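S.K.: Please read through the structure below; I'll follow up with questions.
The values are calculated or read from the model by the stated rules, or taken from the named source; none is laboratory data. All figures in this text were calculated on a predicted structure; none of them were measured in a lab. Cβ placement follows ideal geometry from the backbone for every residue including glycine, while neighbour counts extend to all protein chains displayed. All accessible areas refer to the heavy atoms of the entire protein, side chains included, with ligands and DNA or RNA removed. Shrake-Rupley method; radii C 1.70, N 1.55, O 1.52, S 1.80 Å.
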Amino acid sequence: MRRVGTEEWSGLAMLVVAVAVAAPGLFGAAELMIGRGWWLALFVLLLAALLTATAAPEQGRSRYVAYGVAVVAAWTLVLTARHLGLLPVLLVLTAAVSVHVVPLSVGLIVVGLNTAVIILVAVPTTRTPAELTLIVGFYLLIQLASLLSSMTLLREQRMRRELAAAHVEVKAAGLRLEESARTEERLRISRELHDLIGHQLTVLTLELETARHLDGAAAREHVERADRVARDLLGDVRATVGQLRTETVDLGQALRRMARDLPGLDVSIDVSADLRVDEERGAAFVRAAQEIITNTIRHAEAQRLRISVTGDDGAAVLDAHDDGRGARRPAFGNGLRGLRERFEALGGEVVVDGSAGFRVTARVPTS
């Protein structure tokens, strides 16, 4: 079952508050200047526009259009009610939502225009200037407080996501450093092996060449020396190869280390126990997991991410699927583009699907 996230709870709370303050107009307890059916239609339009503005992709214009419709609908609802009641709370909702859609300066302009609407409606119904000032000042302060608190909460959520993404990058960097250290050690051993074998093979060759030109005891002495050199050489090669026989990197353990303790995102890792990949392909899968986790934290608004690596007909396949909002037209940004190029260089491919959450499938031949 999909867990309800912060965005869903915020939308639900907004819906409940809006219905509560508009209840008198919705159920005939308040006098309206327009037909109740039209007023109800405007209210539904307001709710739909607010939800669309907060849920639409950040790159699209639809969120700005939806927010503009919500603001105008809220104004019309308040202006067409003969008594304010708690209806100005609808204007407070549009001010609070503004930080999710438009810059702070635009949100403050909306607060000013909302306040002007409240003044227009309150002037005919208030008895004294003090009462008018109290009502207008109260709703002005509530709007500003809602806007600023929403902005603070949004900034905190963004910082938390950035911190989690940095956490993943630091762990991935640690894995890359470990791999670099192993590579450096192999290079050191290969240099020693080259120098050692090169010297002993030279001695062996000289001893055999000398024995070839001698007879009897003198030749036998050089053959015996060559035999000792050959035995020493064999022992040195075995010792050096033993140092090279390091354990294969545990891909599952590496991925779990990188995905551990991420705030706000539950990541599960499943790697087939019988899957074996070389270091280059293992590094590609680690890099893929890093990019996928980072993108999920920053963009998907997901609570769960499932990553599996399995073997399939001579290929190793990484499949990652989150429960976020997905994307109708998934695009390859710099990170995913670099990932695709890495896998294509290994003879594989990367496929994305944003129809239900966001899914990334990376496949590479195992040989």
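S.K.: Could you identify the single residue in Thr126, Thr115 that is without any contact (Cβ under 8 Å) to a residue 40 or more places away in the chain and outside any helix (DSSP H, G or I)?
M.R.: Only one candidate passes the filter, namely Thr126.
S.K.: Next question. Going through the range 74-103 one residue at a time, which ones are small (Gly, Ala, Ser) and assigned to a helix (DSSP H, G or I)? Walk me through how you get there before you give the answer.
M.R.: Start the filter on the range 74-103 by keeping residues that are small (Gly, Ala, Ser), which leaves 74, 81, 85, 95-96, 98.
Hits for the range 74-103 are Ala74, Ala95, Ala96, Ser98.
S.K.: Just checking, how many residues over the range 20-44 are farther than 13 Å from Ala74 by Cβ, open to solvent by 50 Å² or more (accessible area, probe 1.4 Å), modelled with pLDDT of 80 or more and in a helix (DSSP H, G or I)?
M.R.: Number satisfying all stated conditions: 6.
S.K.: Restricting attention to the range 343-367, and to residues there that are in contact (Cβ under 8 Å) with a residue 60 or more places away in the chain, assigned to a loop (DSSP other than H, G, I, E, B) and in contact with a Gly (Cβ under 8 Å, 6 or more places away or on another chain), which single residue is nearest to Val317 (Cα to Cα)?
M.R.: The extreme case among them is Thr366.
S.K.: Let me ask something else. State all residues of the range 45-79 that are small (Gly, Ala, Ser) and surrounded by 14 or more Cβ atoms within 10 Å (Cβ to Cβ); if no residue qualifies, say none.
M.R.: Listed by number, the residues that qualify are Ala48, Ala49, Ala53, Ala55, Ala56, Ala66, Gly68, Ala70, Ala73, Ala74.
S.K.: Considering every residue within the range 114-134, establish whether at least one is open to solvent by less than 30 Å² (accessible area, probe 1.4 Å), aliphatic (A, V, I, L, M) and under 27 Å from Leu153 (Cβ atoms).
M.R.: Yes, the range 114-134 contains at least one residue that is open to solvent by less than 30 Å² (accessible area, probe 1.4 Å), aliphatic (A, V, I, L, M) and under 27 Å from Leu153 (Cβ atoms).
S.K.: Taking into account only those residues within the range 279-324 that are touching a residue at least 40 places away in the same chain (Cβ under 8 Å) and assigned to a loop (DSSP other than H, G, I, E, B), which is most open to solvent (accessible area, probe 1.4 Å)?
M.R.: So, considering only residues that are touching a residue at least 40 places away in the same chain (Cβ under 8 Å) and assigned to a loop (DSSP other than H, G, I, E, B), the one most open to solvent (accessible area, probe 1.4 Å) is Glu301.
S.K.: Please indicate, with yes or no, whether at least one residue in the range 94-113 is of a type in the set (Gly, Ala, Ser), in contact with a strand residue (DSSP E or B) (Cβ under 8 Å, 6 or more places away or on another chain) and open to solvent by less than 70 Å² (accessible area, probe 1.4 Å). Quick ask: steps written out before the conclusion?
M.R.: Our first condition is that a residue be of a type in the set (Gly, Ala, Ser); within the range 94-113, this holds for 95-96, 98, 105, 107, 112.
If we keep only those that are in contact with a strand residue (DSSP E or B) (Cβ under 8 Å, 6 or more places away or on another chain) too, we end up with none.
No, the range 94-113 contains no residue that is of a type in the set (Gly, Ala, Ser), in contact with a strand residue (DSSP E or B) (Cβ under 8 Å, 6 or more places away or on another chain) and open to solvent by less than 70 Å² (accessible area, probe 1.4 Å).
S.K.: From the residues in the range 231-259 that are touching a helix residue (DSSP H, G or I) at 6+ places or on another chain (Cβ under 8 Å) and open to solvent by 40 Å² or more (accessible area, probe 1.4 Å), which one is modelled with the highest pLDDT?
M.R.: Arg257
S.K.: In the range 125-145, which residues are at pLDDT 90 or above, out of contact with any helix residue (DSSP H, G or I) (no Cβ under 7 Å at 6 or more places or on another chain) and not hydroxyl-bearing (Ser, Thr, Tyr)?
M.R.: Residues satisfying the conditions are Ala130, Leu134, Gly137, Phe138, Leu141, Ala145.
S.K.: Search the range 342-367 for residues being within 17 Å of the chain's Cα centre (by Cα) and charged (D, E, K, R), and hand back the single one that is nearest to Arg281 (Cα to Cα).
M.R.: Arg359
S.K.: Answer yes or no: is there a residue in the range 162-176 that is assigned to a helix (DSSP H, G or I), modelled with pLDDT of 80 or more and surrounded by 14 or more Cβ atoms within 10 Å (Cβ to Cβ). Quick ask: steps written out before the conclusion?
M.R.: Initially, the range 162-176 is screened for residues assigned to a helix (DSSP H, G or I), giving 162-176.
Imposing the further condition that a residue be modelled with pLDDT of 80 or more reduces the set to none.
No; the residues of the range 162-176 include none that is assigned to a helix (DSSP H, G or I), modelled with pLDDT of 80 or more and surrounded by 14 or more Cβ atoms within 10 Å (Cβ to Cβ).
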